[in-house]
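Written out below as structure tokens is the structure these notes cover.
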Amino acid sequence: MRSRFIKHFDGKTGNVYTSPGRINLIGEHTDYNGGFVFPGAVDKGIMAEMRANDTEDTVMAYAIDLKDRVDFHLNDPAGPRASWARYIYGIAKEFQKLGVPVKGFNIAFAGDVPLGAGMSSSAAMESCFACGLNDIFGENKVSQWDMVLAGQATEHNYCGVNCGIMDQFASVFGKAGCLMRLDCRSREFEYFPFKPDGYRLVLINSKVKHELAGSPYNDRRNSCENVVKHIAAKHPEGKFETLRDCTWEQLEEVRAEVGEEDYTRAHFVLGEKDRVLAVCDALLEGDYETVGQKMYETHYGLSKEYEVSCEELDYLNDLAKENGVTGSRIMGGGFGGCTINLVRADLYNKFIADATKRYEEKFGIKPEVIDVVIGDGSRRLA
Ligand code: GLA
């Protein structure tokens, strides 16, 4: 990266920052519903070299993996067109809103978190750039939570995804060896040391690219908000901000008026909210069978109720079941990407061999196997 930074700009070096992608053991589509999530950062992410370039607002950016160079101006209200450059522009603009005097800078970046695999490569970019701008222009005064929120606002305001806060949170706050249980309503969280004795956590990337920009992700969020609106209208005495505040009975009350699609989506979210807590309890007792069973239930819900799975991911889930894997489910926003699998160490080799062979036979694509190592969050490296 450094050699590219030197070559593409003025020969000087900058500071180096990194931020990770994430896994999520359980708790999907609960973050924007005020529920719980249970992510951890991974040992793969985005790395960027950055340096102020003494211009008022010129950003010179080089995406090393794409071999793509884009220069743009922070004062240009339209921002750059290239989707990757919009993350840089977005974070810089959000930092300016926070009062950080961001001026022109040079940046080159690269990554080893697979793109579009549901491992939050975009949040890794946002928090990496945020970490750099905070250091270079902000005297590191921007808090970790404000970095998280700037990343989320970048998605909302510049990338067209109305995401929650799980991914940016995990990328900024990650800690080696620990999962984190985050209450997305209060933003309180706890680190959970995660060392499942006798088990391994492995991702299988279907290689179906998951793409959240566009309607399907936002549609689901709208369904959830619509249900909350109807419940709130029926109960003027209560305070209903998200599905977190709603009960199963209240959901039943509005079933006919919101329609089956919105009802079924909200039904998934209420179930998922409970499953995260059940998994945390089970983990504390070392009860991995229950953890795994809840993961399968989540997969079923994501596939049949929330409808964010696809044939390839459902097949990977079936293969896990057939191989006696303790728990398996689609991970992240959906529409492609990986399954996350909790597998007994003694079954690991057989599972991986069988699943990769049969998946390739059926779809003609070699799936990628990614062993999970839980790593640290955003930081300066050099
Ligand atoms: C994407 C979003 C997150 C979250 C997940 C689903 O990763 O960025 O905010 O909603 O989908 O759990």
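The values are calculated or read from the model by the stated rules, or taken from the named source; none is laboratory data. Bear in mind the structure is a predicted one, so any value in this text is a computation, not a measurement. Every residue, glycine among them, receives a Cβ derived from its backbone with ideal geometry; neighbour counts consider all protein chains shown.
Checked against (1) in a helix (DSSP H, G or I); (2) closer than 30 Å to I352 by Cβ; (3) without any contact (Cβ under 8 Å) to a residue 40 or more places away in the chain, K195 meets all criteria but (1).
Scanning the stretch 315-345 for residues that are of a type outside the set (G, A, S), within 16 Å of the ligand (Cβ to nearest atom) and touching a strand residue (DSSP E or B) at 6+ places or on another chain (Cβ under 8 Å) yields R329, I330, M331, C338, T339, I340. For H156, the conditions (1) within 16 Å of the ligand (Cβ to nearest atom); (2) touching a residue at least 60 places away in the same chain (Cβ under 8 Å) all hold with the exception of (2). Summed over the stretch 342-382, residues that are of a type outside the set (K, R) and farther than 30 Å from M147 by Cα total 22. Those residues that are modelled with pLDDT of 95 or more, part of a helix (DSSP H, G or I) and surrounded by fewer than 22 Cβ atoms within 10 Å (Cβ to Cβ), I need them from the stretch 122-165; list them, please. Listed by number, the residues that qualify are D135, I136, F137, Q144, W145, D146, L149, A153, H156, N157, Y158. Here C246 clears all of (1) surrounded by fewer than 22 Cβ atoms within 10 Å (Cβ to Cβ); (2) more than 16 Å from the ligand (Cβ to nearest atom); (3) over 30 Å from D112 (Cβ atoms); (4) modelled with pLDDT of 95 or more except the condition numbered (1). Here L98 fulfils each of the conditions (1) within 16 Å of the ligand (Cβ to nearest atom); (2) over 16 Å from T18 (Cα atoms) apart from (1).
Of everything in the stretch 15-35 that is within 11 Å of the ligand (Cβ to nearest atom) and more than 11 Å from the chain's Cα centre (by Cα), the residue that is surrounded by the fewest Cβ atoms within 10 Å (Cβ to Cβ) is Y32. If you go through the stretch 211-227 and pick out every residue that is within 16 Å of the ligand (Cβ to nearest atom), without any contact (Cβ under 8 Å) to a residue 60 or more places away in the chain and assigned to a helix (DSSP H, G or I), you end up with 6.
Summed over the stretch 36-45, residues that are of a type in the set (A, V, I, L, M) and either out of contact with any helix residue (DSSP H, G or I) (no Cβ under 8 Å at 6 or more places or on another chain) or within 11 Å of the ligand (Cβ to nearest atom) (or both) total 2.
The rows are residues; the columns are (1) out of contact with any helix residue (DSSP H, G or I) (no Cβ under 8 Å at 6 or more places or on another chain); (2) among the hydroxyl-bearing types (S, T, Y).
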{"position": "R255", "(1), (2)": "no, no"}
{"position": "E260", "(1), (2)": "yes, no"}
{"position": "F268", "(1), (2)": "no, no"}
{"position": "V276", "(1), (2)": "yes, no"}
{"position": "C280", "(1), (2)": "yes, no"}
{"position": "E297", "(1), (2)": "no, no"}
{"position": "Y300", "(1), (2)": "yes, yes"}
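A search for C-beta distances below 7 Å between a residue of the stretch 69-84 that is within 16 Å of N157 (Cα to Cα) and any residue that is of a type in the set (F, W, Y), counting only pairs 6+ apart in sequence or on different chains, returns G79/F72; G79/Y89; G79/Y158; P80/F72; P80/Y89. Across the stretch 228-243, the qualifying residues are those that are of a type in the set (A, V, I, L, M, F, W, C) and without any contact (Cβ under 8 Å) to a residue 40 or more places away in the chain, and the one among them that is surrounded by the fewest Cβ atoms within 10 Å (Cβ to Cβ) is A233. Only residues that are closer than 26 Å to C128 by Cβ and either assigned to a loop (DSSP other than H, G, I, E, B) or among the small types (G, A, S) (or both) were counted across the stretch 172-192, and they come to 6.
For the stretch 101-126, a residue qualifies if it is under 14 Å from A48 (Cα atoms) and either within 16 Å of the ligand (Cβ to nearest atom) or aliphatic (A, V, I, L, M) (or both), and the qualifying residues are I107, A108, A110, V113, S121, S122, A123, A124, M125, E126. Among the conditions (1) free of Cβ contacts under 8 Å to residues at least 60 places away in the same chain; (2) buried (at least 24 other Cβ atoms within 10 Å of the Cβ), the only one that A41 does not satisfy is (1).
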